[in-house]
Amino acid sequence: MDTSIDPITALKSDHEAVRAVLNNLEGYLKKIGSVSSDGLKNNLINQLHEITAFIDKDLEIHFKKEEEALFPVLGNYIGIETGPIHVMLIEHKHSRELSGEFKAKINSYPAEKDYKSIIDLGNSFIRLLSEHIDKEENILFNMADMQLSRDEKHGIMEKMLTIK
């Protein structure tokens, strides 16, 4: 990624990857609920481990791009303590908490065999992130496009490129 790319476009591209992972997650959760074989359930649990690895790495990087690069600059125009950015930060925190609970349930599956809690937590995570992405794309990113100058966007993109 280079600094000539619009940061909002880059964040929307991240969202496409997240949506694809959420679709896969939804499929795995449906299968776990419908298969009776322990072997198949264990294979699906292994797939969920891969998804949580994506969440831990890629989704966290995406959140940091927003929190450390976009939100501080956009916050100069619309505020951070209340309003859309405040809501996004709360949802990032809730997403991290849900992800931790989801991962803990997946890790405890061999001992507890509690696939119903995995399904419930996974579906809650999907709902939260899907609604969160919709809010960002339909509200927050539109505000950013209206408020931010080309130079500010360039600076945001420079900062985003340093986040790993």
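Every read-out reported here was derived from the displayed coordinates using simple, explicitly stated rules and does not represent laboratory data. Note that this is a predicted model, so its numbers are computed, not measured. Using ideal geometry, Cβ is built from the backbone for each residue, glycine included, and neighbour counts are taken over all protein chains shown.
Between GLY122, GLY33, GLY100, the Gaussian network model of the chain with springs among Cα atoms under 10 angstrom shows the greatest mean-square fluctuation at GLY33.
Once you've got the GNM for the chain with C-alpha springs shorter than 10 Å, pick whichever of VAL35, VAL87, VAL21 has the biggest mean-square fluctuation. Greatest mean-square fluctuation among the candidates belongs to VAL35.
The relative contact order of the chain comes to 44 percent, based on Cα pairs under 8 Å that sit 6 or more residues apart. Taken about its Cα centre, the range 7-162 carries a charge dipole of about 440 debye when Lys and Arg each add +1 at the Cβ and Asp and Glu each add -1 at the Cβ. Remark: the range 15-75 carries a charge dipole of roughly 280 debye about the Cα centre, counting +1 on each Lys and Arg Cβ and -1 on each Asp and Glu Cβ. Between the residues HIS94, SER149, ASN43, the greatest Cα displacement towards the positive end of the dipole of the range 7-162, with unit charges on the Cβ of Lys, Arg, Asp and Glu, is found for ASN43.
Counted as membrane-span-like here are DSSP H helices of the chain whose alpha-carbon atoms extend 18 Å or more along the helix's own axis and whose Kyte-Doolittle mean is -1.0 or above; these are 7-34, 38-54, 84-112, 115-135. The alpha-carbon of LYS113 sits under 14 angstrom from the alpha-carbons of these aspartates and glutamates, leaving out residues fewer than 8 places away in its chain: ASP38.
Gyration tensor over the Cα atoms of the range 59-148: the corresponding equivalent ellipsoid has semi-axes (square roots of 5 times the eigenvalues, largest first) of 32, 12, 9 Å.
Ellipsoid fit via the Cα gyration tensor, the range 7-162: semi-axes of 35, 14, 12 Å, each the root of five times an eigenvalue, largest first. Straight Cα distances below 26 angstrom link LYS12 to the lysines LYS57, LYS64, LYS65, LYS93, LYS103, LYS135, LYS153, LYS159, LYS164, with same-chain residues fewer than 8 positions distant left out.
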